[in-house]
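Report on the following structure.
The values are calculated or read from the model by the stated rules, or taken from the named source; none is laboratory data. Remember, it's a predicted structure, so these values are computed and weren't measured experimentally. Don't worry about glycine lacking a Cβ; one is built from the backbone with ideal geometry, like all the others, and counts go over all protein chains shown.
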Amino acid sequence: DLDKRKYTAGIKVSDEDYDTLNITQNSFKGNWNYIIKPLVL
């Protein structure tokens, strides 16, 4: 389903919050393409 909600632009994520994300760069153009996987607790 398409998410039609509006979000505030320009919100910055702290380094600490960013480090908790499970982000993997894609092998093709990894600086543009990435995968966010669920966090395993």
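Before moving on, here are some points about what is shown:
- Count - residues of the stretch 24-40 that are of a type outside the set (A, V, I, L, M) and loosely packed, with under 10 Cβ neighbours inside 10 Å: 7
- Of the numbered criteria (1) loosely packed, with under 10 Cβ neighbours inside 10 Å; (2) touching a Leu at 6+ places or on another chain (Cβ under 8 Å), the one L21 fails is (1).
- Meets criteria (surrounded by fewer than 10 Cβ atoms within 10 Å (Cβ to Cβ) and either touching a residue at least 12 places away in the same chain (Cβ under 8 Å) or part of a loop (DSSP other than H, G, I, E, B) (or both)) for I11: yes
- Hits in the chain (condition: at pLDDT below 90, more than 16 Å from the chain's Cα centre (by Cα) and of a type in the set (A, V, I, L, M, F, W, C)): F28, L41
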